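Structure first, commentary second.
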Amino acid sequence: MNTRQQILFDLDDTLIHCNKYFGLILDEFYAIIQQWFAEYELTTTEIRQKQIEIDIASVHNVGFKSGNFPASLINTYRYFSQKCPRLINPQEEDQLMKLGLSVYDLEVEPYPRMIETLESLKSDGHKLYLYTGGETAIQQRKIDQMKLNMYFDERIYIREHKNTHALEQILQSGLFDRSSTWMIGNSLRTDVIPALTAGIASIHIQISNEWEYNIVELERSPDHILYTVSSIEEVPEMIDHKIEQENKQRTLN
């Protein structure tokens, strides 16, 4: 067992906050729609459910593109305009487009003890990689703001589609030993399941405000190596635990 591990980290809602910013914009969106459609008494729940449905369908079709989110606001607005009915106003659509795109201009914020965790793993000799979904310009801006290159150097992968196929392509680059490779992330769909499918270990970081797209059923297998934690600072301990278990087993054999 190689004690030096190769660790792939997700970015959004693993190292830095993401969902909470979309939540802030969505709260504004719900209020705007309820104001525009006041006579129809739309509830936040029905607006939210339609926006989620439209947003997730778009991600399935085209991946993590920046236009998905503002388009989901506009298409939700169009849906209720037809349902109620109410005339569609191009100026209102422009307002929703600007509102949706504004989420990408917000300053990013690290999760507590992000730096300490990366420092600990780096000082232990592990090699760190960043694997994130989204558009290159947007994700690179976040990486630059957080100065994450000091931990990942050029070992950064940005993909518009983040799934089993994308991870497999990365792992087949020849840089990884699957027996000592990890995928760390908050998403069961895009982080954990692809990792377990590829035969590498995974740590699932549970967050309280998970995006519905990431919530899927997980079928466990006896050969899966999966730990579940509630904060990033628990990651080094889990990795050390696996290394100790492997070393003990090797000694016994």
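The values are calculated or read from the model by the stated rules, or taken from the named source; none is laboratory data. Everything numeric here is computed off the predicted structure, so don't read it as measured data. Methodologically, a virtual Cβ is constructed for each residue, glycine included, from the backbone with ideal geometry; neighbour enumeration extends over all protein chains shown. The accessibility values were calculated without ligands, DNA or RNA, using every heavy atom of the protein model including side chains. Shrake-Rupley method; radii C 1.70, N 1.55, O 1.52, S 1.80 Å.
Tabulated results
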quantity: Condition met for Leu8 (under 30 Å from Leu118 (Cα atoms) and among the hydrophobic types (A, V, I, L, M, F, W, C)); calculated: yes
quantity: Qualifying residue in the stretch 108-118 (condition: surrounded by fewer than 19 Cβ atoms within 10 Å (Cβ to Cβ), at pLDDT 95 or above and part of a helix (DSSP H, G or I)); calculated: yes
quantity: Some residue of the stretch 44-64 being part of a loop (DSSP other than H, G, I, E, B), buried (at least 17 other Cβ atoms within 10 Å of the Cβ) and at pLDDT below 95; calculated: yes
quantity: Test: residue in the stretch 94-101 that is at pLDDT below 95, over 15 Å from the mean Cα position of the chain (by Cα) and in a helix (DSSP H, G or I); calculated: no
quantity: Residue count for the stretch 139-159, restricted to those that are touching a strand residue (DSSP E or B) at 6+ places or on another chain (Cβ under 7 Å) and of a type in the set (D, E, K, R); calculated: 3
quantity: Residue count, the stretch 27-43 (criterion: open to solvent by less than 50 Å² (accessible area, probe 1.4 Å) and either in a loop (DSSP other than H, G, I, E, B) or of a type outside the set (A, V, I, L, M) (or both)); calculated: 5
quantity: Test: Tyr151 is at pLDDT below 95 and assigned to a helix (DSSP H, G or I); calculated: no
quantity: Extreme residue, nearest to Arg4 (Cα to Cα), among residues of the stretch 217-244 that are open to solvent by 40 Å² or more (accessible area, probe 1.4 Å) and of a type in the set (A, V, I, L, M); calculated: Ile225
